[in-house]
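What follows is one structure encoded as structure tokens, with my remarks underneath.
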Amino acid sequence: EAGVTQFPSHSVIEKGQTVTLRCDPISGHDNLYWYRRVMGKEIKFLLHFVKESKQDESGMPNNRFLAERTGGTYSTLKVQPAELEDSGVYFCASSQDFLGDEVSYNEQFFGPGTRLTVL
Amino acid sequence: QKEVEQNSGPLSVPEGAIASLNCTYSDRVSQSFFWYRQYSGKSPELIMSIYSNGDKEDGRFTAQLNKASQYVSLLIRDSQPSDSATYLCAVNRGSTLGRLYFGRGTQLTVWP
């Protein structure tokens with residue numbers, strides 16, 4: 001079974017340009033997450049899709065970031081216009097449906113990440 | 001106060017020793033706890049999940065959870081040089097759906 005894939009693996013752009021990152025989750029996983037790791041900091045949550053719906057986008061830093069998940073399959077994360085502080089590694093993760101009890105069994109599997117450098 | 005705190009290390013142990021990695025979390029309602037291993041330049045790889053107080057063993061790995069103390073640890077027995085990596089502690093607070101809170105990670109080096 002293929003894991004989470006992300007494209008591109010690296011992107012170097014200039015400040016003010018637009019970049020679009022893509023994530024393909026594990027087949028059958030309804031939950032898709034975007035995270036970001038800025039150098040020297042911990043991995044931080046950006047947003048969570050359940051199928052094509054945004055379940056939680058509280059981690060999105062500002063309105064320069066736009067995430068979509070077409071048809072509940074792959075997802076894109078667009079940064080427009082990019083700023084210097086957007087540099088970092090963007091990870092995508094996916095998980096299966098939660099089990100139907102009080103505890104959130106939520107094993108998330110991560111993709112290799114996209115390293116974004118804004119110059 | 002950070003949501004999840006880990007000793008940044010680096011932690012260095014000889015081959016064959018037990019490596020002990022620690023993590024504390026701030027929110028008492030946290031329900032699910034995970035350990036990820038990340039090799040340099042690679043994706044975080046899920047190695048252990050634990051949901052109940054006590055110990056959970058999987059091969060050479062043992063996760064320990066103490067909700068009263070808000071503490072979770074990972075023991076690696078018979079450490080191997082291939083275990084050298086950064087270990088990330090992640091916590092899911094059930095109230096915030098699937099979102100994970102991560103610590104900064106502990107860098108482990110196992111020397112032969």
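Read the figures in this text as sums done on the coordinates, not as results from a lab. Keep in mind that what you see is a predicted model, and the values were worked out from it rather than measured. Cβ placement follows ideal geometry from the backbone for every residue including glycine, while neighbour counts extend to all protein chains displayed.
For the reader, a short list of remarks on this structure follows.
- Evaluated against (1) of a type in the set (Ser, Thr, Tyr); (2) touching a Leu at 6+ places or on another chain (Cβ under 7 Å); (3) crowded, with 19+ Cβ neighbours inside 10 Å; (4) more than 9 Å from chain A (Cβ to nearest Cβ), residue B:20 falls short on exactly one condition, (3).
- Total residues in segment B:28-60 satisfying the condition of being at the interface with chain A (Cβ under 7 Å from one of its Cβ atoms) and either surrounded by fewer than 15 Cβ atoms within 10 Å (Cβ to Cβ) or part of a loop (DSSP other than H, G, I, E, B) (or both): the figure is 4.
- Of the strands (runs of 3 or more DSSP E) contained entirely in segment B:61-102, those carrying at least 1 residues that are of a type in the set (Val, Ile, Thr) fall at B:61-66, B:71-76, B:85-93.
- Residue in segment A:18-41 that is nearest to the chain's Cα centre (by Cα), counting only those that are within 12 Å of chain B (Cβ to nearest Cβ) and within 20 Å of residue A:83 (Cα to Cα): A:34
- Checklist (1) out of contact with any Ser or Thr (no Cβ under 8 Å at 6 or more places or on another chain); (2) within 11 Å of chain A (Cβ to nearest Cβ); (3) of a type outside the set (Ser, Thr, Tyr); (4) touching a residue at least 24 places away in the same chain (Cβ under 8 Å) applied to residue B:94, failing item: (1)
- Of residues in segment B:61-104 being among the small types (Gly, Ala, Ser) and touching a Cys at 6+ places or on another chain (Cβ under 8 Å), the one surrounded by the most Cβ atoms within 10 Å (Cβ to Cβ): B:103
- Wholly within segment A:19-62, strands (runs of 3 or more DSSP E) carrying at least 2 residues that are in contact with a Ser or Thr (Cβ under 7 Å, 6 or more places away or on another chain) and surrounded by 20 or more Cβ atoms within 10 Å (Cβ to Cβ): A:19-24, A:31-37
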